[in-house]
Amino acid sequence: MRMILLTGGLVLAGFLQSFGQMSNVLSAYNYMQYGEWDKAKTAIDEAVTNSATAENPKAWNYRGQIYIMIMSTQETKPEVHIDDNPLDKAYESYRNTRKYDAKGRYKEDVEKGLENCRRAYFNKGAKEYNVKDYPGAFRDFSNAVDIADTLNVADTNAVYFAGVAAYNAQMYEEAVPVLKKAVNRNIKPESSWDLLSSSLLLSGDTAAWNQTVEEGLKKDPKNMRLLIQQVNYYLTKSMNNEARDKLKAAIELEPTNVVLYYNLGHVYDNLKDIPNAEKAYKKAIELKPDYLDAVYNLGAMYYNNAVAIRLAADELEGEAFEKEHVKENENLEKARTYLERAFAIDATDTNTLLSLKALYTRIGEKEKLADIEKRLE
């Protein structure tokens, strides 16, 4: 008999506990009606943390509404502070409402609440992005993306800016999945492919980088950003043949881009293809007459070629030597033309001054040599 009474007592205790927590849910609802958000918060937090109502969808739904209103109140009334992080708590609440609402009674409320959270996360991410808080912006844009996916709505801006924010925060591994989502959805494709491949390269996955660049160029052969990525990679790795081919492809897309011609000249110079290097440098100078780097490099190339010719000629005699000596002087004269032109563009450039010093020493221009040496002091 006592066992029956004991069991009944336990059931009664459980009932009373559950009733008490449902009373908190009702209290929270009533506080909501009067805009007493601090009291509503206390009551509903007690309800959802108690085992008796921890899986009650109504409680979680009210909690989501309460924290959305707390967020709104704090935004419109800066002097009011009720909670440090109401948006995250609202989002958590609607996720749990959805989780525990087996019969779908709160489906409409959840979708409306999540949409409010999505917009709030995007706006918060935008503010953080504008003040260069890129880690924060990535987190909040990512939440907006997750909610949009849950609701099956398109939020292309959130996807794109989540990727950009992660990239700017140098969170390259975190940037990859969201940028893959951007390219798969064809969101700002030229930029998204560029950021995705850059993130892979900067995270050290060169195999995936190469595969991604090739895939991106297959989809859009005119994606200049991907071509430039390849060029830069090949240049840093001294892969001159590969860099040459990609530069030529890039020039077909941008035939007036002086930097492309300059780099093509540099690559041909590395390959010891002097005629084509000369042609590329001269094209860059034609497009931009005061392009110091191109003017200097052309002059330096002529000088280095003259030195190489002389070294080879020293092994020769007679007419063969004289023939090479003529070529040497021709290159020295061309070097002088372009190095002095570089000096006219920028008389303080150290590389130009050092090259002119070597040139004037070689050709015996003592007065000009003295002037250059003085400038180098």
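The values are calculated or read from the model by the stated rules, or taken from the named source; none is laboratory data. Computed from a predicted structure; not experimentally measured. Note: ideal-geometry Cβ built from the backbone for every residue, glycine included; neighbour counts use all protein chains shown.
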> Are any residues in region 203-238 within 23 Å of ALA169 (Cβ to Cβ) and either charged (D, E, K, R) or surrounded by fewer than 17 Cβ atoms within 10 Å (Cβ to Cβ) (or both), and if so, which ones?
Replying inline: GLY204, ASP205, THR206, ALA208, ARG225, ASN232
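Could you tell me which of the residues VAL326, VAL307, VAL295 is aliphatic (A, V, I, L, M) and touching a helix residue (DSSP H, G or I) at 6+ places or on another chain (Cβ under 7 Å)?
VAL295
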> So which residues in region 320-377 are among the hydroxyl-bearing types (Ser, Thr, Tyr) and assigned to a helix (DSSP H, G or I), if there are any at all?
Replying inline: THR337, TYR338, THR350, THR352, SER355, TYR360, THR361
> Here are some residues: PHE321, PHE343. Which one is aromatic (Phe, Trp, Tyr) and more than 49 Å from the chain's Cα centre (by Cα)?
Replying inline: PHE321
> If we keep just the residues of region 166-202 that are small (Gly, Ala, Ser) and surrounded by fewer than 19 Cβ atoms within 10 Å (Cβ to Cβ), which is farthest from PHE138 (Cα to Cα)?
Replying inline: SER191
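Condition check ((1) β-branched (Val, Ile, Thr); (2) more than 28 Å from ALA308 (Cα to Cα); (3) more than 25 Å from the chain's Cα centre (by Cα)) across all residues:
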residue	(1), (2), (3)
LYS218	no, yes, no
ASP245	no, no, yes
ASN263	no, no, no
LYS272	no, no, yes
> Given ASP109, ASP155, which one is of a type outside the set (A, V, I, L, M, F, W, C), over 22 Å from LYS218 (Cβ atoms) and modelled with pLDDT under 95?
Replying inline: ASP155
> How many residues are within 16 Å of ARG95 (Cβ to Cβ), hydrophobic (A, V, I, L, M, F, W, C) and surrounded by fewer than 24 Cβ atoms within 10 Å (Cβ to Cβ) when one looks only at region 23-70?
Replying inline: 3
> Pick from TYR291, TYR261, TYR296: which is buried (at least 22 other Cβ atoms within 10 Å of the Cβ) and within 16 Å of THR337 (Cβ to Cβ)?
Replying inline: TYR296
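Determine, yes or no, whether ALA126 is of a type in the set (A, V, I, L, M), assigned to a helix (DSSP H, G or I), under 23 Å from the mean Cα position of the chain (by Cα) and surrounded by fewer than 20 Cβ atoms within 10 Å (Cβ to Cβ).
yes
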